[in-house]
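These notes are about the structure you will find just below.
The values are calculated or read from the model by the stated rules, or taken from the named source; none is laboratory data. Treat the numbers as computed from the prediction; the structure is a model and nothing was measured. Note that we place each Cβ from the backbone using ideal geometry, even for glycine, and neighbour counts take in every protein chain shown. Only protein heavy atoms, including side chains, enter the accessible area calculation; ligands, DNA and RNA are left aside. Shrake-Rupley method; radii C 1.70, N 1.55, O 1.52, S 1.80 Å.
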Amino acid sequence: MHDRESTHPFVFFFLVLPYGISSGFVSITLPFVLVSAGFSVALAASIAAVGVAANLWRFLWGPVADLTLTARRWYLSGLVTAAVTLLLLGFIPSQHNAIGLLMAVVFISQVAGTLIVLPVGGLMAHTVADEAKGRAAGWYQAGNLGGTGLGGGAGVWLASHFSKEIAGGALAIAMLASAAAIYFASDVRIVSTETIAERMRLLGRDIFDMLRLAIPLFTIVLVMSPIGAGAMNGLWSAVAPDWKAEPDRVALVAGIFNGVISAVGCIAGGWIADRVGRWWSYFGSGILMAVVAIIMAVAPRTPNAFTIGVLAYALTCGMAYAAFSAIILLAIGRGAASTKYATLSSLGNLPVVYMTASDGWVHDRFGTAWMLHSEALIAIVCIVIAIAVLRWINPPRRSDLVLP
């Protein structure tokens, strides 16, 4: 490893911001543009889900990034590719005969996004002092969720006031401008004598070891469940007309404010996990998210109800994401922690994919109310089952489930 000098925690906000912008465009702006062009909500949701699916495979190219280029070079390669593909998405015609091309470019753009965050994780581990890593992680999460909200919100506003081409171009420029932050971070390259094949064998062995223990095995299953998935965050822009929400409101509420409130929820969720326990924080936030969805389903469909509901959903989603990370830390222990965290976090993207597609399918057949009810009911059922299983396998004491 070279250049072991320290990187300031605040730098990580800007390093992760391009990833959030790219993700926000695919999950917020693109569905809004496609539905406005005549696509069904289910089809728009499926295209967005293809992008989310790219995150399922990030652990496969993690060892490649570790063993080849420096973190800075991988970061710049991923960022440039993500910016170029976002620009292409702005210029691809919103027509049904371009669905295949849209899906391909969306997938490539989000694969490139994973190459942005992979080296950033290495930079946090190797160039931030131990006493500052908590702040670095906080700025990282703020850049991730805040970038998604800001990028998606600005994209909807630009697309509705100007054009999707201008939206794509402006956001691509913003991503490239954020690249300047990489020069405020120390470069790093992990020196290892292991080949990629050996690294993958170690990964398989670590996963097998996890499968032999009750709590880690339970956690693996749990992260693939729909609890706290927050799939509606990618569909608010598509269903906003049901609440008679105008484009400016959608841009602010589902985009900018959503990102800010989600980041606040992450901070709150981490604080709760520290003091109440990981499991209570995770299940509790999942229940709160389900309650918000049910209230939105039965409440009057007004623009103000849309604003309050979406922001309440964003708050609980942030809490759930923080608790999600906390239970993963409990399961992976200390041995090969980075590899196992990457694996479980990749699996954690699976429920976002299938719940996004499920929400769109239910909407097109039964309407918005049943879409919200179904998401809430599925989560509540899974939480009840999970609590029963957790009690049956005799988990550690409450004091053991609190972050150290």
Verdict on SER225 being under 24 Å from TRP392 (Cα atoms), among the polar types (S, T, N, Q) and modelled with pLDDT of 80 or more
yes
Looking for whichever is closer than 16 Å to LYS164 by Cα and either hydrophobic (A, V, I, L, M, F, W, C) or modelled with pLDDT under 85 (or both) here; the options are PHE32, PHE59, PHE14. Which one fits?
PHE32
Condition first: touching a helix residue (DSSP H, G or I) at 6+ places or on another chain (Cβ under 8 Å) and open to solvent by 60 Å² or more (accessible area, probe 1.4 Å). Now tell me which residues in region 253-275 satisfy that.
PHE257, VAL260, VAL264, ILE267
I'd like to verify a number: residues in region 6-56 that are out of contact with any Lys or Arg (no Cβ under 7 Å at 6 or more places or on another chain), of a type outside the set (Phe, Trp, Tyr) and more than 25 Å from GLY348 (Cα to Cα), how many?
10
Go through region 241-259 residue by residue and tally those that are in a helix (DSSP H, G or I) and either at pLDDT 85 or above or more than 16 Å from the chain's Cα centre (by Cα) (or both).
11
Output the number of residues of region 241-252 satisfying the condition of being more than 17 Å from VAL26 (Cα to Cα) and open to solvent by less than 10 Å² (accessible area, probe 1.4 Å).
1
Here are ALA268, ALA238: which of them is under 21 Å from ILE21 (Cβ atoms) and assigned to a helix (DSSP H, G or I)?
ALA238
Being among the hydroxyl-bearing types (Ser, Thr, Tyr) and under 21 Å from VAL239 (Cα atoms) is the filter here; which residues of region 281-299 pass it?
none
